[in-house]
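Let me begin by presenting the structure, written as structure tokens, before commenting on it.
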Amino acid sequence: MLRINLIEYYKPPMKKYCLNISWMFTLIACHFTTNPIETKLHQVKTGMRSNQVTSIMGSPDEKIDLGNMQDTLGNQAHMEEWLYGENQSIMIINDTVNAVTFNRKKMREKIEHIIDSARNTDRSKPFSIQPDL
């Protein structure tokens, strides 16, 4: 009579499962790993002074001096865009944070879409921004 040890027969191959589990942990770790620049950028808030930004972020990778602007009331404002990493920026107006952008490319695409929508409108009708499709 043939006796089969059911535990040995149904025993899963451990090597295969260990590899699958290690791949699963690797994928989870990669998913939750964040960009260190973005992590710091979340600490920067509108209204902060530029020296507070440099204490959090360090010096920007590049500064774009946008020059002096004048509003309709005649007030002067000096504008700079500070670039960090490949795709993040901070808009500084009169030494104060005005905007924090986590994805410059996407923001530029939105602005271009708004401009294109404005150009394509019938001037005799009220202006409205066309939604993204």
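Computed from the coordinates by the stated procedures, all read-outs in this text should not be read as laboratory data. As the structure is a computational prediction, the values presented were derived from the model and not from experiment. Using ideal geometry, Cβ is built from the backbone for each residue, glycine included, and neighbour counts are taken over all protein chains shown.
Couple of notes before you dig in:
- On the beta carbon distance between residue 40 and residue 79, with R0 = 30 Å, the FRET formula returns roughly 0.85.
- Placing a label point 7 Å from the Cα of residue 50 along the Cα-to-Cβ direction, the residues of segment 78-111 whose backbone N falls under 14 Å from that point are 78-83, 90-99.
- Among 40, 45, the ranking by other beta carbons within 10 Å of each residue's beta carbon, starting with the fewest, stands as 45, 40.
- Whole-Hz ³J(HN,Hα) from phi, Karplus 6.51 cos²θ - 1.76 cosθ + 1.60, for segment 66-73, glycine and proline x: 8, x, 9, 10, 10, 7, 5, 8
- Note: relative contact order over segment 61-110, using C-alpha pairs below 8 Å and six or more positions apart, is 26 percent.
- In this simple spin-label model, placing a label point 7 Å from the Cα along the Cα-to-Cβ direction at both residue 107 and residue 62 gives a separation of 1.5 nm.
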